[in-house]
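The structure under discussion appears below in the form of structure tokens.
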Amino acid sequence: MENTIHATQAIVTLDVALPGIIWGWMITLNMWAKSVGTGVILVGAFLLYRHKKEEMPNLRWMMPLISFIFLNIFLLFTLADLHHPYRMINIFLHPHWTSAITVGAWMASLFTGLITVMMLIGGFDAYPDFRKNCGIAKTVRGISPFYEKIFPFVVFLAIPVTLYTAIIMAESSARELWQAPAEVMQMMWAALLAGSAGLIFISGSWSKESRKDLALVLAIATFFSFMMYMGEYFFSFKSAEAEATLAFVHAGGEYNVEFWFAMVLGFIVPFFLAVSNMKNDNKTLLRFAAILALVGLYMAKDVWLKIPQMLSLS
Amino acid sequence: MKLGFLVDLNLCMGCKGCEVACKVENEVPLGTWRLRVKYIDIGTFPDTSRSFTPLRCNHCESAPCERICPVSALHYLENGIVNVDSSRCIGCAGCMMACPYGAIYMDPETNTADKCTYCAHRIESGMMPACVVVCPVQANIFGDIDDDTSHISQYIMEHQGAVQVRKPEKHTIPKHFYVGGGNQTLNPLAQQRLEGYNLFNNVTHLKHIGNPHESVIDRFTEPFRSEEKLDNRSFMDFDNNAHESHEEEGGH
């Protein structure tokens with residue numbers, strides 16, 4: 001109905017308050033940290049496929065360590081966002097398998113467990129003199145070949161772990177802006193972006209060629225992330241609610257500035273820095289690009305999470 | 001048996017009796033609602049008309065809230081009601097993100113998701129939902145839509161062509177019908193919220209979900225705290241309150 005015509009305009013004159021933002025910054029941080037936690041494994045696997053281990057001496061133990069830290073940030077904020085954190089156990093005692101939250105929680109728990117094992121093996125192998133006589137250290141060093149055996153499975157598992165949030169968003173049928181195909185791709189590019197950015201910080205002692213590959217992954221991920229957001233931002237899905245949400249942001253509404261900051265600082269600038277780094281190796285500039293990409297990714301995710309929640313549903 | 005609801009918007013006069021009855025029956029806390037009546041003014045003064053739309057859970061046959069709930073706190077009863085088990089709810093708010101009708105809220109007292117259950121506890125005892133009983137014009141019609149002889153089924157048959165559900169494009173198969181509604185009354189995107197009621201106006205937003213005084217850390221310490229919780233019943237303890245205040249004043 002065209003509400004610019006006086007005779008047909010409909011105005012809400014009495015109603016309850018809208019609930020506002022329900023999933024806020026903790027969910028943004030949750031998704032962002034998960035992208036880093038899974039991304040370093042995916043990008044690490046790509047680098048191990050392309051280069052010799054000797055070119056990246058600290059990758060074997062630093063990769064699972066970074067993943068472990070960020071997966072725990074992700075799990076902590078998943079828990080903190082629940083109104084009844086201790087009832088999280090119900091997901092394991094009373095699982096409801098049609099829910100992507102359930103499937104994701106099980107997969108993420110298994111993934112974190114395997115990453116913990118890899119981190120311990122990698123760490124104790126990297127420092128053979130550390131706790132030499134400790135029983136646990138001896139046991140972990142004894143199962144050292146297990147690292148290489150579980151690694152392919154961990155890489156395979158990293159993909160659904162990074163993507164399941166897109167399915168949660170798809171199941172959130174009240175928010176039409178979140179469309180499964182686009183969200184799946186967004187999450188995948190986010191993992192590659194965050195993974196390459198995360199590994200850039202430990203790549204100081206690596207060969208130039210491996211660092212060049214990191215810059216390449218960062219450049220591709222920022223480019224396609226930007227393209228995805230532009231496609232969604234300007235050419236929405238022709239659904240009424242998605243159009244209404246974006247029309248508000250287009251008109252300079254709340255989160256407009258944050259969105260464009262994310263696009264420029266998070267994707268465009270790091271893209272050019274990464275591309276230039278493929279020609280001339282500059283560790284400082286590459287780290288700067290990684291920081292910008294991580295900050296920009298957080299902001300972009302934050303905007304995309306919050307804006308559809310501002311729409312009145314009834 | 002499949003229980004359904006029908007509201008005849010031609011009859012509804014916006015008295016909010018159903019809203020109040022629901023609040024009382026289900027002890028719905030302040031600032032939240034299971035059932036609300038929205039007023040919409042159509043046209044421009046002096047050529048305006050006001051319509052009233054009662055809004056509640058649609059008890060969808062393919063309920064997104066039931067599908068996304070990770071612990072089956074939201075579940076179907078045999079009579080088709082989508083029920084909530086608050087003792088199992090983990091408070092993830094997934095259901096609030098999934099419900100296309102915005103019919104689920106976070107109870108600030110229990111910190112669990114809650115919504116209209118068609119008064120499942122009353123149905124179990126053979127009674128009608130509180131909102132149906134209280135409606136002075138019988139605009140709320142409730143019954144078994146699987147039974148062709150029920151009042152609701154016959155009402156739907158009588159008004160064929162004028163019966164609508166909200167957001168049918170979502171394929172949730174709602175079991176809540178409206179007679180006499182139009183796009184302006186049933187589609188939130190066809191309505192304007194002006195200053196004070198604006199779609200994106202902070203004034204109309206609750207600043208919190210859940211207990212306003214509760215921080216994230218409180219959620220973790222909550223099971224270990226012993227202080228007495230506030231609930232609706234505490235406001236009804238008139239005798240004790242009167243006695244205490246009398247003593248404080250040094251009365252006889």
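The values are calculated or read from the model by the stated rules, or taken from the named source; none is laboratory data. Bear in mind the structure is a predicted one, so any value in this text is a computation, not a measurement. Cβ atoms come from the backbone with ideal geometry, glycine included; neighbour counts cover every protein chain shown.
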- Query: Among A:V275, A:V257, A:V264, which is in contact with a Gly (Cβ under 9 Å, 6 or more places away or on another chain) and over 30 Å from B:C95 (Cβ atoms)?
  - Reply: A:V264
- Task: Scan the stretch B:7-33 and report the pairs whose first residue is among the β-branched types (V, I, T) and whose second residue is part of a helix (DSSP H, G or I) and buried (at least 16 other Cβ atoms within 10 Å of the Cβ), with Cβ atoms within less than 8 Å and a gap of 6+ or a chain change.
- Result: B:V20/B:V134; B:V24/B:A130; B:V28/B:C22
- Query: Considering only residues of the stretch B:29-46 that are within 7 Å of chain A (Cβ to nearest Cβ) and out of contact with any Ser or Thr (no Cβ under 7 Å at 6 or more places or on another chain), which is modelled with the lowest pLDDT?
  - Reply: B:T44
- Note on the structure: Selection from the stretch A:247-258 of residues among the aliphatic types (A, V, I, L, M) and within 17 Å of B:Q191 (Cα to Cα) yields A:A247
- Task: Just give me the residues in the stretch B:166-176 being within 14 Å of chain A (Cβ to nearest Cβ) and touching a strand residue (DSSP E or B) at 6+ places or on another chain (Cβ under 6 Å), in sequence order.
- Result: B:H176
- Item | B:S62, sole failed condition from (1) surrounded by fewer than 16 Cβ atoms within 10 Å (Cβ to Cβ); (2) away from chain A (no Cβ under 14 Å) | (2)
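Would you check which residues across the stretch A:74-103 are more than 10 Å from every other protein chain (Cβ to nearest Cβ), surrounded by 17 or more Cβ atoms within 10 Å (Cβ to Cβ) and either of a type in the set (A, V, I, L, M) or touching a strand residue (DSSP E or B) at 6+ places or on another chain (Cβ under 8 Å) (or both) and list them?
Selection gives A:L75 alone.
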- Item | Some residue of the stretch B:71-81 being under 25 Å from A:Y86 (Cα atoms), of a type outside the set (V, I, T) and outside any strand (DSSP E or B) | yes
- Sole residue being more than 21 Å from A:P19 (Cβ to Cβ) and in contact with a Lys or Arg (Cβ under 8 Å, 6 or more places away or on another chain), chosen from A:L286, A:L292: A:L286
- Wholly within the stretch B:89-149, helices (runs of 4 or more DSSP H) carrying at least 1 residues that are touching a Ser or Thr at 6+ places or on another chain (Cβ under 9 Å) and away from chain A (no Cβ under 14 Å): B:120-124
- When A:T116 is run through (1) in contact with a His (Cβ under 6 Å, 6 or more places away or on another chain); (2) surrounded by fewer than 20 Cβ atoms within 10 Å (Cβ to Cβ), the failure sits at (1)
- Would you mind stating whether A:I202 is of a type in the set (A, V, I, L, M, F, W, C), without any contact (Cβ under 8 Å) to a residue 40 or more places away in the chain and closer than 21 Å to A:L48 by Cα? no
- Filter the stretch B:33-47 for residues that are in contact with a helix residue (DSSP H, G or I) (Cβ under 9 Å, 6 or more places away or on another chain) and in a loop (DSSP other than H, G, I, E, B); the one that is surrounded by the fewest Cβ atoms within 10 Å (Cβ to Cβ) is B:W33
- Residue among A:L71, A:L29, A:L42, A:L18 that alone is in contact with a strand residue (DSSP E or B) (Cβ under 7 Å, 6 or more places away or on another chain), touching a residue at least 40 places away in the same chain (Cβ under 8 Å), crowded, with 17+ Cβ neighbours inside 10 Å and among the hydrophobic types (A, V, I, L, M, F, W, C): A:L18
- Query: over 29 Å from A:P308 (Cβ atoms), surrounded by 20 or more Cβ atoms within 10 Å (Cβ to Cβ), of a type in the set (V, I, T) and touching a residue at least 24 places away in the same chain (Cβ under 8 Å) - does that describe any residue in the stretch A:154-161?
  - Reply: yes
